[in-house]
Amino acid sequence: QLGEVADHLNFNAFVVGGFVRDMFLYRDNEDIDVVVEGNGITFAKTFSRKYGTRTHTHQKFGTAVIIFPDGFKIDVASARMEYYQFPASLPVVEMSSIKMDMFRRDFTINTLAVQLNPNKFGRLIDFFSGQKDIKDKVLRVLHNLSFVEDPTRVFRALRFEQRFGFTIGKLTSSLIDNAVKMEFFKRLSGKRVYTELVLILKEENPAPTIMRLLDYDLLRVIHPRMKIEKDLKRLLDSAKKVVDWHDLLFIDETYERWTVYFMVLLRHCDLKTTHEICSHLTVAPRHAKMFTETRIGVGKQLMSLERRKRITHAEIFNLLKGFKTEVILYMMASTQSESAKKRISLYHTQLRNVTITITGKDLLAMGLKPGPLFSRTLQAVLDAKLNGQIKTREDEFTFIG
Ligand code: CTP
């Protein structure tokens with residue numbers, strides 16, 4: 001259908017980038033990016049008129065999104081000469097629009113395109129040996145200025161290297177060394193660094209990429225005062241174990257897994273430094289609060305859970321209640337005490353779900369006067385239930401009686 005619309009408009013249309021790369025890697029990818037040699041907005045609008053989809057357009061970039069009734073989306077971009085701006089020093093010889101579009105991309109593995117026009121349907125376009133590099137499992141930039149053009153590509157390189165188990169080509173690796181030496185990253189805003197960091201932390205297993213960032217001395221790009229200690233690897237591995245444990249047990253519960261890793265990264269940063277880091281990276285307020293006050297505040301709770309020889313279930317509950325899953329998992333990941341880990345796990349698997357049936361209304365009916373005694377009574381009932389002293393609703397009434 002996309003190809004027919006393209007033919008109708010006399011455009012060439014291609015599916016490009018990650019989708020094609022992942023097809024060759026036998027990996028699922030639901031992000032479809034289409035590039036047309038022509039006006040992408042006209043293409044998307046014509047398609048939508050014909051097939052009853054919606055279109056969202058960005059005039060400035062000549063891009064559009066086709067939105068299907070079930071929410072499925074296709075991104076459409078225009079491959080047109082006037083959109084390309086290269087550093088002046090880069091020799092740009094005569095190229096077709098699609099070749100030019102591919103040439104401005106980050107790595108050869110991302111430069112594959114498959115044509116969609118019916119009479120050439122399925123034709124693979126591979127100007128820069130992307131297919132060979134996928135086969136050889138190697139990441140290469142297209143030209144020496146790639147990281148000058150966009151230093152965030154260094155983060156992308158390490159992310160793809162670990163995600164796909166590829167190696168970084170020799171020249172590309174020395175270009176990364178050069179980018180580090182020349183401090184290309186100074187030009188990047190905190191916001192862009194944060195975006196890349198979050199993408200890394202959202203990977204299935206971010207730990208190896210973080211360790212690679214450390215190899216290249218790139219963690220200081222996040223913030224020069226980021227305090228990294230020898231226990232980083234252990235902490236990251238521990239975070240992975242904890243989130244995997246959680247995800248296996250609580251398949252339906254959603255939470256922001258990446259924030260657990262980020263808190264682990266911040267483990268040795270004090271409150272002031274963390275505030276500075278959050279402000280530099282423009283971290284959203286709700287996350288900033290979790291990364292600063294909350295994360296540092298749980299030190300007290302952790303100490304109790306680690307040090308106390310004996311502790312009741314009610315005490316564990318009262319130490320941990322109210323904390324979000326992310327913070328609970330961070331606590332589990334950051335303690336080295338097995339007994340503290342067990343106590344937190346007990347809270348998360350059982351205690352946090354314990355409730356009582358008795359309410360303020362019941363207390364009124366029993367003749368109690370509203371006031372501080374009310375909440376203390378309810379708390380005492382809950383504590384007794386947590387500690388296994390009472391079980392049923394009847395028990396709750398007997399307990400008060
Ligand atoms: N791209 C680039 N330079 C960047 C970011 C992106 O050249 N700094 C190009 C890549 O070639 C990529 C395309 O833009 O194919 C889209 O990038 P992105 O949305 O990040 O998609 P993917 O490469 O598929 O990455 P992911 O699998 O993580 O979604």
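We did not get these values from a lab; they are worked out from the coordinates using the rules stated. Model, not experiment: these values are computed from the prediction. Don't worry about glycine lacking a Cβ; one is built from the backbone with ideal geometry, like all the others, and counts go over all protein chains shown.
Numbers below:
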| quantity | calculated |
| --- | --- |
| Relative contact order %, region 16-83, counting alpha carbon pairs below 8 Å whose residues are six or more apart | 33 |
| Unit charges at the beta carbon, dipole of the chain: most positive-side option, S97, T312, G130 | T312 |
| Around R308: net Lys/Arg minus Asp/Glu count, Cβ-Cβ under 11 Å | +2 |
| At R0 = 51 Å, FRET efficiency that the Cβ-Cβ distance of T167 and R310 yields, to 0.05 | 0.45 |
| Dipole of the chain, positive end: most advanced residue of I356, L265, H8 [Cβ charges, Cα centre] | I356 |
| Relative contact order (%) - criterion: Cα under 8 Å, at least six apart; region: the chain | 10 |
| Segments 134-145, 214-225, 387-398 sorted - mean Cβ within 10 Å per residue, highest first | 134-145, 214-225, 387-398 |
| Amide N of region 138-164 lying under 17 Å from the label point, which is placed 7 angstrom from the Cα of M211 along Cα→Cβ | 158-164 |
| Computed over region 253-391: relative contact order in percent, which uses C-alpha pairs under 8 Å that are six or more apart | 26 |
| 13 Å beta-carbon shell around N10, net charge (K/R +1, D/E -1) | -3 |
| Region 240-304: chymotrypsin sites (Phe, Trp or Tyr not before Pro) in DSSP loop, at most 11 other beta carbons within 10 Å | none |
| Residues whose placed amide H lies under 5 Å from that of L218, excluding near-sequence neighbours | none |
| Partners for K50 among lysines (Cα-Cα distance below 30 Å; same-chain residues under 8 apart left out) | K60, K73, K99, K120 |
| Hits among lysines - C-alpha to C-alpha of K227 under 20 Å, sequence gap 8 or more where chains match | K186, K191, K272, K289 |
| Whole-number D in µm²/s for the chain (Stokes-Einstein; Kirkwood sum over Cα pairs; 20 °C, 1.002 mPa s) | 85 |
| Sites Q1 and K324, calculated FRET efficiency, Cβ-Cβ separation with R0 35 Å, nearest 0.05 | 0.20 |
| Region 141-243: translational diffusion in µm²/s, Stokes-Einstein, Kirkwood Rh over Cα pairs, 10 °C, 1.306 mPa s | 112 |
| Hits among lysines - C-alpha to C-alpha of K385 under 26 Å, sequence gap 8 or more where chains match | K300, K309, K321, K324, K341, K342, K361, K369 |
| Segment K241-F72, length gained on full extension (0.36 nm per residue, minus Cα span) | 57.5 nm |
| Loop sites in region 175-272: GluC sites (Glu not before Pro), DSSP, at most 12 other Cβ within 10 Å | E183, E204, E229, E253 |
| Cleavage-rule hits (trypsin sites (Lys or Arg not before Pro)) in region 5-64: DSSP loop, at most 15 neighbouring Cβ within 10 angstrom | R27 |
